[in-house]
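Since the structure comes first, as structure tokens, the remarks are kept for the end.
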Amino acid sequence: MNDATRATARELVAPSKGILAADESTGTIKKRFDSIGVESTEGNRRQYRQMLFTTPGIGDHISGVILYDETIRQASDDGSTFVEVLEKAGVIPGIKVDTGAKALALFPGETVTEGLDGLRERLAEYGELGARFAKWRATIFIGEGFPTEFAILANAHAMARYAALCQDAGLVPIVEPEILMDGDHHIDACEDATARTLQALYAQLAEHRVDLPGTLLKVNMVLCGKGCPDQASHEEVAAATIRCLTANIPAEVPGVVFLSGGMSDEDATIRLNEMNKVSGHPWELSFSYGRALQQPSLRAWRGDPANLEAAQKVLAHRARMNGLARTGEYSPDLEASAA
């Protein structure tokens, strides 16, 4: 097995560190920029990512950054590629390689993620550009009659094929099955859907001979649907999530990096902290947050170079808070230090 991919996987979940997801598609980042009144041009996107990646001390609590195809090809004002900027800061560059979730034919309301065509060649190119890990996201919906077993299997099979190709190319695959918060379902429905998805995923990874110590899992926390009137407490979320992971994730997986989709910045931190207060699980419990790390910084930046220092300070603060949550040492009282 490839010792390098195993070492990179462990490095990505190093103590007190986690991953910054900065792999928004052009369409997604346009929505983020619209919210602050900034035009989504290539130049503005580059300036924004430069602001994030040149944050002083970013490597203290950020182990890796997931890039988008445009971003991995861009450079900072001084001519250094963003890959070089990150590496100099002690941060591992990664890349999003799927091409998005598309409607699953004959299964209304469900999706399958595409992007396997040409993936072998793209992975080789991304490796040459400096990427050391990759990410593939699948979306699973909870609703009347779904997720169906076939939708779960279709996505698990695609993720396993992607993971095998990654390891063949010398990259660490992050597999990301996201059970979405859309709907009014209770936390029990999310736990059931997450368990079924993880069972299928790890069965497929085994069938495809993927080396689990050279992988990471990016997954949702076990949560109520956004429309559920009886929302679970932070402690209930932590307990349900650890219970689900313990029953369905092999111990050889070095780490779980949670996604923050649908949660507020502080809720994502508090819930990670609650899980890390519980000892005895075999994998590192870390984070791979996008909005929960970026959103406060985006609001502070607003496309104005004069706001650079303030925006970077906000990002560094959120990274530090989540770094503390890695060891169960976070407290909401610490948020005052962002002032």
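All of the numbers you see were taken from the coordinates with simple rules; none came from a lab. Given the structure is predicted, the values throughout are model-derived calculations rather than measurements. As a convention, Cβ positions derive from the backbone with ideal geometry for all residues, glycine included, and neighbour counts pool all protein chains shown.
Data table
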| read-out | value |
| --- | --- |
| Net charge, ALA158 excluded, C-beta distance under 10 Å - Lys, Arg +1, Asp, Glu -1 | -1 |
| Relative contact order computed over the range 109-219 (Cα-Cα under 8 Å; 6+ residues apart), in percent | 33 |
| Under the Karplus curve 6.51 cos²θ - 1.76 cosθ + 1.60, θ = phi - 60°, whole-Hz ³J(HN,Hα) for the range 277-282, x wherever Gly or Pro sits | 7, 9, 9, x, 7, x |
| Potential extension, ASP184-ASP77 segment - 0.36 nm per residue separation minus Cα distance | 33.9 nm |
| Largest-first principal axis extents, alpha carbons of the range 248-288, Å | 31, 19, 15 |
| Relative contact order, percent, the chain [alpha-carbon distance under 8 Å, six or more residues apart] | 19 |
| The range 89-135-the range 204-272 distance, computed between alpha-carbon centres (Å) | 21 |
| Structure-based [θ]222 nm, the chain - -39500 (n - 2.57) summed over DSSP H runs of at least 4, per residue, nearest 500 | -14000 deg cm²/dmol |
| Per the chain, cysteines lacking a partner by the 4.7 Å Cβ criterion | CYS166, CYS190, CYS244 |
| Sites ARG299 and ARG209, calculated FRET efficiency, Cβ-Cβ separation with R0 56 Å, nearest 0.05 | 0.80 |
| Dimensions (Å) - the range 206-339, Cα atoms, principal axes, largest first | 52, 37, 29 |
| When each of LYS30/LYS135; LYS31/LYS313; LYS88/LYS277; LYS102/LYS277; LYS31/LYS277; LYS17/LYS102 is checked by Cα-Cα distance, pairs over 28 Å | LYS88/LYS277; LYS102/LYS277; LYS31/LYS277; LYS17/LYS102 |
| Placed amide H near LYS218: partners under 5 Å, 5+ positions off or other chain | VAL175, GLU176, VAL257 |
| Inter-label distance, nm, simple model (7 Å from Cα along the C-beta direction), HIS234/THR41 | 4.2 |
| Inter-site label distance for PHE150 and VAL278 at 7 Å from Cα along Cβ, in nm | 3.5 |
| All Cα pairs of the chain, percent lying beyond 27 Å | 42 |
